[in-house]
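So the structure is just underneath, and the comments pick up after that.
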Amino acid sequence: MTHIVRALVLALPAILVLASCSNLPQPQACPACPAPAPGPVRPADAKYQQTAYAAIPGWADAQLVPGLRAFASGCSRIAAGGALRRACDAALALTSNDENSARKFVETSFEAWALTSADGSAEGLVTGYYEPVLAGSRTRSERFRHAVYGVPADLVAVDLESVVPDVKGLRLRGRLDGARLVPYWTRGEIEASGKFSAPVLAWVEDPVELFFMQIQGSGQIELGGGARMRLGYGDHNGHPYGSIGRYLMQRGELALEQTSMQGIKAWAAANPGKLRAALDSNPSYVFFRETAQADGPLGTLGTPLSAGYSLAIDPRSVPLGAPVFLATTMPLSSQPLRRLVAAQDTGGAIRGAVRADFYWGSGNEAGALAGGMRQQGRMWVLWPRGDGPPR
């Protein structure tokens with residue numbers, strides 16, 4: 001690795017802009033990854049206000065068992081020794097699915113902390129995501145012509161902290177060009193370049209569906225005969241995520257209210273000649289890995305996500321693995337959506353004190369809900385009683 005580090009130091013000024021791994025939509029962690037620390041480094045813009053349960057809108061009527069079960073499902077990935085792990089051990093010891101028992105356990109074991117921004121704002125953006133299911137094949141055909149790539153052998157990832165301590169937590173991705181580390185291929189270069197090479201995991205028919213599967217960070221491929229391949233996040237090319245909706249809006253192709261996933265798909269079907277340029281406006285490219293996981297896609301915590309009860313958060317504000325009470329509304333609606341969920345995932349677009357991405361599940365119905373979700377919401381982090389604010 002010495003020659004790579006030397007090349008990194010020489011190339012760093014030119015490619016530092018590519019360093020942030022947080023530009024990904026929903027990167028999925030591998031089961032073998034180490035358990036995360038009990039809590040995040042608290043950012044300056046996150047504030048916590050202890051709140052009585054009776055003051056939380058919707059708390060009295062919410063069903064708590066499904067959210068508590070989702071929280072417990074992630075306990076195996078919570079680091080030992082911390083306050084949250086002790087709460088996990090108690091949650092795993094529960095044998096009853098009775099709502100009264102669940103409520104008594106939660107209210108006895110946890111204190112609720114309202115999450116607010118530095119400016120005092122208690123509301124923030126809540127979006128949705130899902131696991132796409134695409135028709136495909138393990139072999140290329142006239143119908144299935146678009147490759148789903150695994151991680152390229154020439155993709156180099158270097159933790160910048162080992163070279164420049166001031167950029168703690170940032171990872172640089174690139175490729176070696178002789179003795180130099182240069183930025184990895186962009187989306188456009190991957191699609192057009194004959195030099196790019198990576199293992200092909202499957203072939204699909206719709207490049208737009210593949211594009212959105214990359215944005216979600218995981219998916220399934222229907223192979224026919226009832227067989228399915230589940231794909232998890234493998235890595236990415238290191239380039240920042242670019243919004244295709246913003247690209248189309250800036251060019252007058254779509255109005256703001258049309259830039260949902262469904263609106264973009266409709267535009268793509270009507271404008272095949274403009275599609276490649278629109279897709280390439282997002283230079284980021286996600287590579288997948290095939291997983292044997294049967295229960296659902298893996299979140300950053302390293303355990304399967306629970307449809308309707310898992311949340312992607314900014315781990316600088318919400319401890320990964322913690323239970324959270326979310327009060328928002330259904331997609332494109334004023335109907336309340338208030339429930340106990342578990343903070344089990346992260347995402348590049350999920351940045352800020354009051355910001356969340358709600359996991360809807362797999363398939364087209366979940367995709368329709370996720371694609372239409374852009375609501376305002378509030379969040380209360382539940383943290384072990386007597387241990388102070390979340391940390």
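What residue, of 224, 194, is without any contact (Cβ under 8 Å) to a residue 40 or more places away in the chain, farther than 25 Å from residue 267 by Cα and either surrounded by fewer than 19 Cβ atoms within 10 Å (Cβ to Cβ) or of a type in the set (A, V, I, L, M, F, W, C) (or both)?
Residue meeting the stated conditions: 194.
Only one residue in 372, 302, 348, 361 is touching a Phe, Trp or Tyr at 6+ places or on another chain (Cβ under 7 Å), modelled with pLDDT under 90 and not polar (S, T, N, Q). Which one?
348
Wholly within the range 186-259, which helices (runs of 4 or more DSSP H) include no fewer than the required count, namely at least 3 residues that are charged (D, E, K, R)?
Correct list: 187-192.
Restricting attention to the range 91-145, which residues are hydrophobic (A, V, I, L, M, F, W, C), part of a strand (DSSP E or B), crowded, with 19+ Cβ neighbours inside 10 Å and over 22 Å from the mean Cα position of the chain (by Cα)?
110, 112, 113
For the range 57-77, which positions are in contact with a strand residue (DSSP E or B) (Cβ under 6 Å, 6 or more places away or on another chain) and either surrounded by fewer than 19 Cβ atoms within 10 Å (Cβ to Cβ) or outside any helix (DSSP H, G or I) (or both)?
Correct list: 57, 58, 62, 64, 74.
Sort through 277, 269, 307 and tell me the only one that's within 30 Å of residue 172 (Cβ to Cβ), at pLDDT 95 or above and either in contact with a Lys or Arg (Cβ under 6 Å, 6 or more places away or on another chain) or not basic (Lys, Arg) (or both).
277
The values are calculated or read from the model by the stated rules, or taken from the named source; none is laboratory data. Remember, predicted model here, so these are calculated numbers, not experimental data. Don't worry about glycine lacking a Cβ; one is built from the backbone with ideal geometry, like all the others, and counts go over all protein chains shown.
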